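*Asks:* Questions regarding the structure given below will be posed in turn.
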Amino acid sequence: MSPEPADAAERRGQPAVVCYDVDNLPPVDLDAYVQARAGAAKVEEVLVPPRDARTFTVPAGSFFRIVSVDGPQVGDLNLFNAHDLTERFWSGKTRQLHATHVTRGDRLWGTLPNMRPMATITEDTLEWYGFDEDGGGVHDVIGTRCDPYTQMMLNGVDYHFCCHSNLSRALADTTGIPLHDVEHHVHDVLNVFMCTGFTRDTQQYFMKASPVRPGDFIEFFAEIDLLGALSACPGGDCGSSHSDDDAACHPLLVEVWESKEPPVGWTSPPPNGYNRSHDR
């Protein structure tokens, strides 16, 4: 390791600057969402089996809820524009605009060039958790998704009920796109109910047993027409093993709720206003 320079303390002591002025984000009127939700009716349920995935659709202006039903279980969520798979959830930008873990009032942002909010979190029964003594929080946008390629590289294990594979199969079943083509659309996820953080000493990504219990849920408002894909992770509550058949796993339930009236003042957000000219 190279020697520490004489001005190391000065270099380390520079002030932290938040990258984006979040006060300039489009405002979230949670009261308007709550009022619209009060008159909503459930129109669909999709049960996601353990170690598997399912897709679901949500029209713009509707709500969808992910519910823990039988036991503590985490899920990996992908979101797409229902009419264009190339517009999809962007976990990295969501993380930059909000935080490493998201909750009520935060939005899930979509990819360039449209870069607009795809969904808004309107309810979260685990909001109380905050951050624990290990630095762990719930619903992260820092992890990727368990996948068979990493498992093969690290452990020499050929296991294909990882969330990447589950999501790929579900998306292929829905779209009719062959598996080897559709998996390129599967993207970094919202780790629903998962409790994660970074270790204090080595700054490594960690997981711990999720605090989720049957009846807990997180609910979203669809800002645009959505195609969702949800995998019930083979890690169960992710408190011990990961990407194998050892953990106790449970189903997850997706509920779609249709509102009689949209939130007051709401319109589906248009694509980003940048003129898309990158000329010099």
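The values are calculated or read from the model by the stated rules, or taken from the named source; none is laboratory data. A quick note: this is a predicted structure, and the numbers were derived from the prediction, not measured. Cβ atoms come from the backbone with ideal geometry, glycine included; neighbour counts cover every protein chain shown.
*Asks:* Condition test on Asp76, is it within 26 Å of Thr175 (Cα to Cα) and crowded, with 21+ Cβ neighbours inside 10 Å?
*Replies:* yes
*Asks:* If Val58 passes every condition in (1) crowded, with 17+ Cβ neighbours inside 10 Å; (2) among the aliphatic types (A, V, I, L, M); (3) under 22 Å from Met207 (Cβ atoms) but one, which one does it miss?
*Replies:* (3)
*Asks:* Just give me the residues in region 102-126 being within 23 Å of Tyr274 (Cβ to Cβ), of a type outside the set (A, V, I, L, M) and not in a loop (DSSP other than H, G, I, E, B), in sequence order. Talk me through it step by step, then tell me what you get.
*Replies:* Keep residues of region 102-126 that are within 23 Å of Tyr274 (Cβ to Cβ), which gives 106-120.
Still in the list and also of a type outside the set (A, V, I, L, M): 106-107, 109-111, 113-114, 116-117, 120.
Correct list: Arg107, Trp109, Gly110, Pro117, Thr120.
*Asks:* Restricting to region 56-89, name every residue that is of a type outside the set (S, T, N, Q) and over 30 Å from Lys208 (Cα atoms).
*Replies:* Matches in region 56-89: Val58, Pro59, Ala60, Gly61, Ala82, His83, Asp84, Leu85, Glu87.
*Asks:* Still on this structure: Working only within region 13-29, note down all residues that are surrounded by 10 or more Cβ atoms within 10 Å (Cβ to Cβ) and either assigned to a helix (DSSP H, G or I) or touching a Ser or Thr at 6+ places or on another chain (Cβ under 9 Å) (or both).
*Replies:* Within region 13-29, Val22, Val28 meet the criteria.
*Asks:* From the list Asp84, Asp7, exactly one residue is over 21 Å from Pro270 (Cα atoms) and without any contact (Cβ under 8 Å) to a residue 24 or more places away in the chain. Which is it?
*Replies:* One residue alone meets the criteria, Asp7.
*Asks:* Filter region 30-55 down to the residues that are within 30 Å of Cys162 (Cβ to Cβ) and aliphatic (A, V, I, L, M), then identify the one that is surrounded by the most Cβ atoms within 10 Å (Cβ to Cβ).
*Replies:* This residue is Ala53.
*Asks:* Quick one: is Thr94 polar (S, T, N, Q) and surrounded by fewer than 20 Cβ atoms within 10 Å (Cβ to Cβ)? First the steps, then the outcome.
*Replies:* On the way: polar (S, T, N, Q): yes; surrounded by fewer than 20 Cβ atoms within 10 Å (Cβ to Cβ): no.
It is false that Thr94 is polar (S, T, N, Q) and surrounded by fewer than 20 Cβ atoms within 10 Å (Cβ to Cβ).
*Asks:* A further question on this structure: Among the numbered conditions (1) surrounded by 16 or more Cβ atoms within 10 Å (Cβ to Cβ); (2) free of Cβ contacts under 8 Å to residues at least 24 places away in the same chain; (3) out of contact with any Lys or Arg (no Cβ under 6 Å at 6 or more places or on another chain), tell me where Val212 comes up short.
*Replies:* (2)
*Asks:* State all residues of region 30-50 that are under 23 Å from the mean Cα position of the chain (by Cα) and part of a loop (DSSP other than H, G, I, E, B); if no residue qualifies, say none.
*Replies:* Pro49, Pro50
*Asks:* Turning to a different aspect of this structure: Enumerate the helices (runs of 4 or more DSSP H) found wholly within region 127-239, keeping only those where 1 or more residues are of a type in the set (Phe, Trp, Tyr).
*Replies:* 148-155
*Asks:* Also, I was wondering about something else. Go through region 115-148 and count every residue that is among the polar types (S, T, N, Q) and surrounded by 20 or more Cβ atoms within 10 Å (Cβ to Cβ).
*Replies:* Selection size over region 115-148: 2.
*Asks:* Which count do you get for residues in region 188-209 that are buried (at least 19 other Cβ atoms within 10 Å of the Cβ) and of a type outside the set (D, E, K, R)?
*Replies:* So the answer is 10.
Residues checked against (1) over 17 Å from the mean Cα position of the chain (by Cα); (2) buried (at least 19 other Cβ atoms within 10 Å of the Cβ); (3) modelled with pLDDT of 95 or more; (4) of a type in the set (Asp, Glu):
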{"residue": "Leu226", "(1), (2), (3), (4)": "no, yes, yes, no"}
{"residue": "Ala232", "(1), (2), (3), (4)": "no, yes, yes, no"}
{"residue": "Gly235", "(1), (2), (3), (4)": "no, yes, yes, no"}
{"residue": "Ser240", "(1), (2), (3), (4)": "yes, no, no, no"}
{"residue": "Ser243", "(1), (2), (3), (4)": "yes, yes, no, no"}
{"residue": "Ala247", "(1), (2), (3), (4)": "yes, yes, no, no"}
{"residue": "Thr267", "(1), (2), (3), (4)": "yes, no, yes, no"}
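*Asks:* Right, something else. If you check Asp70 against the conditions, is it assigned to a loop (DSSP other than H, G, I, E, B) and under 30 Å from Ala248 (Cβ atoms)?
*Replies:* Against the criterion (assigned to a loop (DSSP other than H, G, I, E, B) and under 30 Å from Ala248 (Cβ atoms)), Asp70 qualifies.
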